[in-house]
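The values are calculated or read from the model by the stated rules, or taken from the named source; none is laboratory data. Remember, it's a predicted structure, so these values are computed and weren't measured experimentally. We place every Cβ from the backbone using ideal geometry, glycine too, and count neighbours over all the protein chains shown.
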Amino acid sequence: MTNHKLIIDVKNVSKVFSDGTLALDNVSLSVKKNEVVVLIGPSGSGKSTLLRTLNLLESPTKGEVFFDGISLTDETTDINLLRQKMGMVFQGFHLFPHLSVLDNLRIAPVSLKKLSIHEATITSESMLKKVGLLDKAKNYPNQLSGGQKQRIAIARSLTMSPEIMLFDEPTSALDPEMVGEVLNVMRELALQGMTMVIVTHEMQFAEEVADIVYVMDKGQIIESGSPEIIFHQPQTERCKEFLKRVIEKK
Amino acid sequence: MDFSFLLDPYYINILLQGLLTTVILAVVSVAFGTVIAIGVALLRMMKSKIIRFILGAYVEIIRGTPIVVQLIIFYSLFHVKVILVGSYDLSPFIPGMFTLFINSSAYMAEVIRAGINSVDKGQWEASRSLGMTYGMTFRKIIFPQAIKNILPALGNEFVTLIKETSVLMYSGVAELTYQATMIKSQTYGFMESYLVAATFYFLLTYPTSQLMKRLERRLAKSDQS
Ligand SMILES: Nc1ncnc2c1ncn2[C@@H]1O[C@H](COP(=O)(O)OP(=O)(O)OP(=O)(O)O)[C@@H](O)[C@H]1O
Ligand SMILES: [Mg+2]
């Protein structure tokens with residue numbers, strides 16, 4: 001990797017929910033430009049919470065998160081402006097059901113970047129082409145299959161030209177036959193150098209696209225390293241244990 | 001049974017005036033009530049715990065007490081002197097309208113709040129994660145979805161309100177029930193005059209609720225498109 005610019009820097013972040021759950025326990029991690037980071041770990045280990053602190057959908061109880069060197073929680077930080085540069089894709093798609101596919105893509109750039117409808121349409125259509133769904137521009141979300149919805153959700157984030165894309169189990173809500181089409185879009189993004197943080201249970205995919213894998217358990221990062229190391233020579237007992245369980249399930 | 005008073009233009013006139021007053025009361029109350037309710041519902045979404053508590057208490061207390069009792073309290077609170085418009089004394093309207101505004105606003109605030117809350121939390125998150133502000137998200141993403149749940153429920157509130165305007169007879173407003181009482185005392189047709197009033201109320205509420213059902217179905221359908 002030639003460019004070592006830090007995009008995300010998480011410093012000693014802990015998160016305690018209002019009910020007392022310790023979801024993140026002193027977590028640190030950084031993401032460099034063009035890097036693909038994958039978070040894995042058992043259910044409830046804090047993967048989603050960590051991902052959501054990256055764009056402040058959850059605010060850390062302790063510690064700090066930096067994006068392009070700017071602290072998210074600093075009082076002078078305009079979080080809305082930073083979020084424009086961070087795309088997020090959810091397990092449940094969350095397309096806007098009252099808007100057509102095209103409007104789902106156009107609404108943010110038109111509202112936020114003050115693009116004309118015409119400019120926004122051009123950008124949106126090129127993103128739809130990218131995910132192979134240009135022919136669905138006039139459709140409404142509930143006319144789409146799960147895989148199509150998720151590809152639209154990815155395209156929706158891309159219209160803001162983000163510096164980084166965050167994925168929270170983007171294929172977990174999909175029927176098995178639709179997983180591939182979404183992973184293909186993500187693979188393509190990785191090839192084009194998009195910086196990504198991906199929470200996933202798709203271990204094969206993780207091994208294939210990740211530059212670095214973080215393994216979480218009980219709110220902590222218990223191990224991190226290249227996919228070769230993590231998946232073939234895990235160092236810690238907890239990590240070995242987790243991977244064994246995942247593979248047995250398959 | 002003797003319905004012959006229905007052939008007398010004098011009584012017909014009294015009834016129609018009552019009917020008109022009832023319709024005006026209901027329409028004006030639903031309009032003002034909605035405006036207050038939107039304010040209350042929006043303020044209840046604010047971060048301030050004190051504001052949320054006060055407005056929550058407002059909604060619960062109004063919804064948890066009978067409208068007749070509210071009317072009597074406001075009536076004795078206001079002590080309105082005579083307000084003549086032409087030869088017409090508007091003073092009984094003041095506590096009455098006030099009661100209807102307050103009452104309908106509390107019910108509608110709850111309807112609006114429920115409608116907004118019924119929109120999936122993921123919609124907020126998706127929109128905010130694109131960088132849209134709280135206000136933009138509310139206006140462009142949440143409210144257009146919430147309105148589909150809110151409108152039919154508001155329609156039902158309107159139907160309820162048409163019936164509840166009848167409590168204003170206690171404060172001397174010449175609405176439909178009041179007029180029926182007058183006719184009763186002049187014709188001694190106890191049952192008859194109230195049967196006529198009931199029929200008039202039903203002629204107002206039934207078409208309204210049918211219209212609302214239609215609207216509800218239309219809105220539900222537009223979701224499938
Ligand atoms: N809003 C919340 N309020 C309270 N506790 C929460 C909340 N969100 C998550 N938690 C708790 O925090 C812990 C971490 O949850 P998180 O969703 O981050 O796990 P996860 O690794 O993403 O799990 P999964 O693989 O099931 O998605 C869990 O114990 C969870 O129950
Ligand atoms: Mg999760």
I'm told A:ARG83 meets every condition in (1) over 22 Å from A:VAL27 (Cβ atoms); (2) within 7 Å of chain B (Cβ to nearest Cβ) except one. Can you identify the failing condition by its number? (1)
Taking B:ILE183, is it over 25 Å from B:PRO66 (Cβ atoms), among the β-branched types (Val, Ile, Thr) and either more than 14 Å from chain A (Cβ to nearest Cβ) or buried (at least 16 other Cβ atoms within 10 Å of the Cβ) (or both)? yes
I want to confirm something. Restricting to the stretch A:17-48 and keeping residues that are closer than 21 Å to A:ASP74 by Cβ and of a type outside the set (Gly, Ala, Ser), which single residue is nearest to ligand 2 (Cβ to nearest atom)? A:LEU24
Quick check: is even one residue across the stretch A:142-153 facing chain B (nearest Cβ under 9 Å), over 15 Å from the mean Cα position of the chain (by Cα) and buried (at least 17 other Cβ atoms within 10 Å of the Cβ)? no
Kindly check whether there is at least one residue in the stretch B:112-123 that is of a type in the set (A, V, I, L, M), closer than 30 Å to B:SER193 by Cβ and assigned to a helix (DSSP H, G or I). no
Working carefully through the options B:SER118, B:SER105, find the one that is within 30 Å of A:ASN55 (Cβ to Cβ) and among the small types (Gly, Ala, Ser). B:SER118
Test: A:PRO60 is of a type outside the set (Gly, Ala, Ser), more than 14 Å from every other protein chain (Cβ to nearest Cβ), touching a strand residue (DSSP E or B) at 6+ places or on another chain (Cβ under 7 Å) and surrounded by 18 or more Cβ atoms within 10 Å (Cβ to Cβ): yes
Count of the stretch A:88-109 residues which are in contact with an Asp or Glu (Cβ under 9 Å, 6 or more places away or on another chain) and within 11 Å of another protein chain (Cβ to nearest Cβ): 11
If a residue must be facing chain A (nearest Cβ under 9 Å) and either in a loop (DSSP other than H, G, I, E, B) or not aliphatic (A, V, I, L, M) (or both), how many such residues does the stretch B:135-156 contain? 4
Do we find that B:ILE162 is farther than 30 Å from B:LEU203 by Cα, touching a residue at least 24 places away in the same chain (Cβ under 8 Å) and in contact with a Ser or Thr (Cβ under 9 Å, 6 or more places away or on another chain) in this structure? no
Kindly indicate the residue of the stretch B:202-225 that is in contact (Cβ under 8 Å) with a residue 60 or more places away in the chain and closer than 19 Å to B:VAL23 by Cβ and also nearest to the other protein chains (Cβ to nearest Cβ) among those meeting that condition. B:MET212
From the options A:SER71, A:SER100, A:SER59, residue that is touching a Ser or Thr at 6+ places or on another chain (Cβ under 8 Å) and away from ligand 1 (no atom under 16 Å from the Cβ): A:SER71
Of a type in the set (A, V, I, L, M, F, W, C), in contact (Cβ under 8 Å) with a residue 40 or more places away in the chain, over 23 Å from A:VAL199 (Cα atoms) and more than 15 Å from ligand 1 (Cβ to nearest atom), is that true of A:ALA120? no
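Matching residues to (1) closer than 18 Å to A:VAL215 by Cβ; (2) touching a residue at least 40 places away in the same chain (Cβ under 8 Å):
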| site | (1), (2) |
| --- | --- |
| A:LYS5 | no, no |
| A:SER30 | yes, no |
| A:SER43 | yes, no |
| A:SER48 | yes, yes |
| A:PHE67 | no, yes |
| A:ASP74 | no, no |
Any chance the stretch B:84-94 includes a residue that's in contact with a helix residue (DSSP H, G or I) (Cβ under 7 Å, 6 or more places away or on another chain) and under 22 Å from B:TYR170 (Cβ atoms)? yes
When you look at A:SER71, is it hydroxyl-bearing (Ser, Thr, Tyr) and within 8 Å of chain B (Cβ to nearest Cβ), yes or no? no
Checking A:SER116 against (1) surrounded by fewer than 21 Cβ atoms within 10 Å (Cβ to Cβ); (2) under 28 Å from A:GLY147 (Cα atoms); (3) of a type outside the set (Asp, Glu); (4) more than 10 Å from every other protein chain (Cβ to nearest Cβ), which test does it fail? (2)
Members of the stretch A:195-214 found to be more than 16 Å from ligand 2 (Cβ to nearest atom) and within 19 Å of A:PHE93 (Cβ to Cβ), listed by number: A:MET196, A:PHE205
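Each row is one residue, and each column tells you yes or no for (1) modelled with pLDDT of 95 or more; (2) of a type in the set (Ser, Thr, Tyr).
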position: A:ILE7; (1), (2): yes, no
position: A:PHE17; (1), (2): yes, no
position: A:VAL31; (1), (2): yes, no
position: A:THR49; (1), (2): yes, yes
position: A:GLU58; (1), (2): yes, no
position: A:GLU64; (1), (2): yes, no
position: A:GLU75; (1), (2): no, no
position: A:ASP103; (1), (2): yes, no
Members of the stretch A:10-56 found to be within 12 Å of ligand 1 (Cβ to nearest atom) and at positive phi, listed by number: A:GLY20, A:GLY41, A:GLY44, A:GLY46
